[in-house]
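The values are calculated or read from the model by the stated rules, or taken from the named source; none is laboratory data. Nothing here was measured: the structure is a model prediction, and the numbers come from that model. With ideal geometry, Cβ positions are generated from the backbone for all residues, glycine too; neighbour counts draw on all protein chains shown.
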Amino acid sequence: MAGRRAGPAFLMTVTVVLVAAGWRAPRARGGGGDVVRPADTVCPPDGRVVGPGRKLQMAVDSAAPGSVLCLSPGVYTAPLIIRRRLTLQGPASAVIRSTGEGTTVRALADSVVLRGFTVDGSGQRYDLMDAAVYLRGNATAARDLTIRNAFFGVVVEESNGVRISGNRIRGLADLPVGIRGDGIRLWEVRRSAVTGNRLEDSRDIVVWYSPGNRIAGNTVVRSRYATHFMYSDNCVVEHNEYRDNIVGVFVMYSRDITLRDNLIVGNEVSDGMGLGVKESGNLMVEGNRFVSDHACVYLDTSPFREGDSVVVRRNTFARCTAGVTFHSSETRNTFVDNVFQANQTHVTVEGRGTARGVVWGRNYFDDYQGYDLDRDGFGDVAYEVRSLSARLVADHPELAFFRGTVALELLDVAARVLPVLQPEVLLIDPEPRMRPTLGPPSPGPERADAH
């Protein structure tokens, strides 16, 4: 067998044995394994093959509703407009290429599925929102596409039940990040899912005026806002990896948002943040890792409505300039079972104020100097923050330049030695963890409230 190529029968036998043993083919990350990225796209028996020598628009216009059109490898000239229910699919080597003007592929009907092929380029007009792919219709889908050299990647408007999954979207890296188009843009879109996509060098994933959506299993690299919500309630963001952007997730004027099990790392610019929340409420922030961000979490006037809350539990805040920053957000927030480690400042409050109105419980702080005589894993004395340098920086933001320097460290030493200089207590965690391992979750906010 050495040097011989395995035949189809042999490969099929091996596959059957592996499946019988419980093996499954690798799946792209999609927050639940619902996205499979195929090596090729096989045309079904009832599909109609379209070659690059034909006019694609003519083939689409003549197709019966519900048809499957299969693109052969080659280059097809845009623009393309789809006005009826059908599936258009092909391998990545089938390329629909823009002329440099307008939107490249536009689907304007319900139940249109675009799958597998490459969309190359678009126009670059903001006012027309020139995109590689534009969807407007219920139950439409863009799956496993390769999108490159396009201004906007995928734009969806006024639609329900849309699936955007497994796509590879690369923006225009030569443009400044603020004037690129969005990688994925949802506008008045409901009950839809954005899963398992990889975006590089685009601007944002935008979710505006779009309640009830799920953003899961995506990777976003070198963009501005990896995900930006505005006026979009009841959304879930989970199992995403956001690296080297300016902002990981920004939530504005939205309620009932869940952020769960995301990795948000490398938002290190001066205005960068892992999670920013402005005038929003009823957020659950759980199981995320915020690493090497300028501000791990920034809360601005949140929760906003009376009766709303923000619960932050079982997250890791590590190597950030500030772990958590409060701006007019010092009440109705709960922080339990989190890890604060290797941050320049774990908690800061902008302006005159403290975080004592926040509920703290069972968090780990790496600068805790207490003891655990009963060895239950929790400190026997409360964790308290009194930082003269943090207070000075909060009152005079220009002093932030000196964070981490000997000058500010000496101020805190002096405050501990001379009680007359001690500032008021910034926060109190009555039962801090002794180790960064979180273990089983505590009973939740109710237990923390008991403290």
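If I filter segment 24-53 down to residues being basic (Lys, Arg) and within 15 Å of residue 90 (Cα to Cα), which single residue comes out as modelled with the highest pLDDT?
Taking segment 24-53 and keeping what is basic (Lys, Arg), we get 24, 27, 29, 37, 48.
Remaining after also requiring within 15 Å of residue 90 (Cα to Cα): 37, 48.
Working: 37: 44, 48: 95.
If we take residues in segment 24-53 being basic (Lys, Arg) and within 15 Å of residue 90 (Cα to Cα), then 48 is modelled with the highest pLDDT.
Report, by residue number, each residue of segment 241-255 that is in contact with a Ser or Thr (Cβ under 7 Å, 6 or more places away or on another chain) and buried (at least 23 other Cβ atoms within 10 Å of the Cβ).
Residues of segment 241-255 in contact with a Ser or Thr (Cβ under 7 Å, 6 or more places away or on another chain): 241, 245, 249, 251-255.
Those that are in contact with a Ser or Thr (Cβ under 7 Å, 6 or more places away or on another chain) and buried (at least 23 other Cβ atoms within 10 Å of the Cβ): 245, 249, 251, 254.
Among the residues of segment 373-381, is there at least one that is out of contact with any Leu (no Cβ under 9 Å at 6 or more places or on another chain), modelled with pLDDT of 90 or more, part of a strand (DSSP E or B) and farther than 30 Å from residue 271 by Cβ?
Going residue by residue through segment 373-381, those that are out of contact with any Leu (no Cβ under 9 Å at 6 or more places or on another chain) are 373-379, 381.
Pick out the ones that are also modelled with pLDDT of 90 or more and you get 373-379, 381.
Among the residues that remain, those that are also part of a strand (DSSP E or B) are: 378.
Adding the requirement that they be farther than 30 Å from residue 271 by Cβ leaves 378.
Yes: one or more hits.
Among the residues of segment 152-165, is any more than 23 Å from residue 211 (Cα to Cα) and without any contact (Cβ under 8 Å) to a residue 40 or more places away in the chain?
Residues of segment 152-165 that are more than 23 Å from residue 211 (Cα to Cα), as a first pass: none.
No, every residue in segment 152-165 fails to be more than 23 Å from residue 211 (Cα to Cα) and without any contact (Cβ under 8 Å) to a residue 40 or more places away in the chain.
Run residue 107 past the list (1) touching a Pro at 6+ places or on another chain (Cβ under 8 Å); (2) crowded, with 21+ Cβ neighbours inside 10 Å and report the number of the one that doesn't hold.
Condition not satisfied by residue 107: (1).
Does segment 330-343 contain at least one residue that is buried (at least 23 other Cβ atoms within 10 Å of the Cβ) and hydroxyl-bearing (Ser, Thr, Tyr)?
No; the residues of segment 330-343 include none that is buried (at least 23 other Cβ atoms within 10 Å of the Cβ) and hydroxyl-bearing (Ser, Thr, Tyr).
Within segment 136-155, can one find any residue that is more than 22 Å from residue 277 (Cα to Cα), at pLDDT below 95 and aromatic (Phe, Trp, Tyr)?
Within segment 136-155, none of the residues are more than 22 Å from residue 277 (Cα to Cα), at pLDDT below 95 and aromatic (Phe, Trp, Tyr).
Can you find even one residue in segment 256-267 that is farther than 21 Å from residue 238 by Cβ, surrounded by fewer than 23 Cβ atoms within 10 Å (Cβ to Cβ) and out of contact with any helix residue (DSSP H, G or I) (no Cβ under 6 Å at 6 or more places or on another chain)? Can you show your working first?
Of all residues in segment 256-267, those farther than 21 Å from residue 238 by Cβ come to none.
Looking for residues that are farther than 21 Å from residue 238 by Cβ, surrounded by fewer than 23 Cβ atoms within 10 Å (Cβ to Cβ) and out of contact with any helix residue (DSSP H, G or I) (no Cβ under 6 Å at 6 or more places or on another chain), one finds none in segment 256-267, hence no.
Here are the criteria: (1) within 14 Å of residue 188 (Cβ to Cβ); (2) surrounded by 23 or more Cβ atoms within 10 Å (Cβ to Cβ). Tell me which single one residue 157 does not satisfy.
(2)
With the checklist (1) of a type outside the set (Asp, Glu); (2) in a loop (DSSP other than H, G, I, E, B); (3) within 16 Å of residue 433 (Cβ to Cβ); (4) at pLDDT 95 or above in hand, flag the one item residue 340 doesn't pass.
With respect to (1) of a type outside the set (Asp, Glu); (2) in a loop (DSSP other than H, G, I, E, B); (3) within 16 Å of residue 433 (Cβ to Cβ); (4) at pLDDT 95 or above, residue 340 is out only on (2).
Has segment 183-192 got at least one residue that is touching a residue at least 24 places away in the same chain (Cβ under 8 Å), over 22 Å from residue 230 (Cα atoms), among the acidic types (Asp, Glu) and out of contact with any helix residue (DSSP H, G or I) (no Cβ under 9 Å at 6 or more places or on another chain)?
Kept after step one, since they are touching a residue at least 24 places away in the same chain (Cβ under 8 Å), are these residues of segment 183-192: 183-192.
The next check asks that each one be over 22 Å from residue 230 (Cα atoms); those that pass are none.
No, segment 183-192 has no match at all.
Yes/no per residue for (1) over 10 Å from the mean Cα position of the chain (by Cα); (2) surrounded by fewer than 24 Cβ atoms within 10 Å (Cβ to Cβ):
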site	(1), (2)
172	yes, yes
182	yes, no
190	yes, yes
197	yes, no
203	yes, no
219	no, yes
235	yes, yes
238	no, yes
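Inspect segment 423-435 for any residue being more than 24 Å from residue 326 (Cα to Cα), out of contact with any Ser or Thr (no Cβ under 8 Å at 6 or more places or on another chain) and at pLDDT 90 or above and give the result as yes or no. Full working, then the answer.
Going through segment 423-435, the residues more than 24 Å from residue 326 (Cα to Cα) turn out to be 434-435.
Now narrow it down to the ones that are out of contact with any Ser or Thr (no Cβ under 8 Å at 6 or more places or on another chain): 434-435.
From the residues that got through so far, the ones that are at pLDDT 90 or above too are 434-435.
Within segment 423-435 (the criterion being more than 24 Å from residue 326 (Cα to Cα), out of contact with any Ser or Thr (no Cβ under 8 Å at 6 or more places or on another chain) and at pLDDT 90 or above), the answer is yes, since at least one residue qualifies.
Exactly one of (1) in contact (Cβ under 8 Å) with a residue 60 or more places away in the chain; (2) outside any strand (DSSP E or B); (3) among the β-branched types (Val, Ile, Thr) is unmet by residue 334. Its number?
The failed condition is (2).
Can you confirm whether segment 348-370 contains a residue that is touching a Gly at 6+ places or on another chain (Cβ under 7 Å) and at pLDDT 95 or above?
Here is the first cut: in segment 348-370, the ones touching a Gly at 6+ places or on another chain (Cβ under 7 Å) are 368, 370.
Next, only the ones that are at pLDDT 95 or above stay: none.
No - not one qualifying residue is present in segment 348-370.
Is it fair to say residue 174 is outside any strand (DSSP E or B), at pLDDT 95 or above and more than 22 Å from residue 295 (Cα to Cα)?
Details: outside any strand (DSSP E or B): yes; at pLDDT 95 or above: no; more than 22 Å from residue 295 (Cα to Cα): yes.
Here the answer is no, as residue 174 does not meet what is asked.
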